[in-house]
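Just below is one structure, and these are the notes that go with it.
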Amino acid sequence: MPNFRWPSDDVQTPLEMFAVASSQPVKREALWRSVQHEQDSGDAALKTALLQSLPGHSGYDPDTARRRLNAISYSKNSEDAALARVRLTEIGNGSADDDCRNEVRDLQQRLDKIVDIERSLDTNGNAAKSNPAR
């Protein structure tokens with residue numbers, strides 16, 4: 001079985017850079033800083049968007065990443081467009097998880113309010129008399 005080596009950090013395609021960033025979270029900050037110093041190009045834009053979609057470094061910005069990846073997904077460069085669409089699909093699933101967590105939190109808050117109301121009722125179902133001093 002051949003020995004697999006990661007490509008060097010200085011010359012990487014967006015896919016290679018994303019593979020390193022995904023599998024080695026400790027390298028994300030260094031990769032982020034490196035990409036910030038690259039000349040403006042399609043590769044730099046894609047690398048920036050991909051890194052912004054990964055947490056664990058100072059450039060993490062999922063909303064901006066989604067917008068940039070969406071724009072790149074219409075690129076004439078089919079490899080860049082495909083990679084952008086794949087990542088959009090991956091982070092799209094993450095937003096579904098966020099939506100679910102938010103809904104659970106909202107339901108928990110509503111349940112807590114109902115419990116508070118039930119606790120304020122006496123055994124006959126009457127609300128406790130309010131304190132006029134309040």
How about region 38-77: which trypsin sites (Lys or Arg not before Pro) there lie in a loop by DSSP and see at most 16 other Cβ atoms within 10 Å?
-> K76
Could you pull the accessible area for Y60 with a 1.4 Å probe, rounded to 10 Å²?
-> 100
Could you give the distance between the Cα centres of region 62-94 and region 20-39, to the whole Å?
-> 18
How would you classify region 14-94 from its alpha-carbon gyration tensor, with a ≥ b ≥ c the square roots of the eigenvalues: rounded for a/c under 1.5, else prolate if a/b is greater than b/c, otherwise oblate?
-> oblate
Whenever you get a sec, line up E29, E16 from highest to lowest accessible area (probe 1.4 Å, protein heavy atoms).
-> E16, E29
Taking the Cα-to-Cβ direction at H37 and at A71 and moving 7 Å from each Cα, how far apart do the two end points lie in nm?
-> 2.5
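The values are calculated or read from the model by the stated rules, or taken from the named source; none is laboratory data. Bear in mind that the values here come from a model prediction, so they are computed numbers and not experimental data. As a convention, Cβ positions derive from the backbone with ideal geometry for all residues, glycine included, and neighbour counts pool all protein chains shown. For the accessible areas, the whole protein counts, side chains as well, though only heavy atoms, and no ligand, DNA or RNA atoms are used. Shrake-Rupley method; radii C 1.70, N 1.55, O 1.52, S 1.80 Å.
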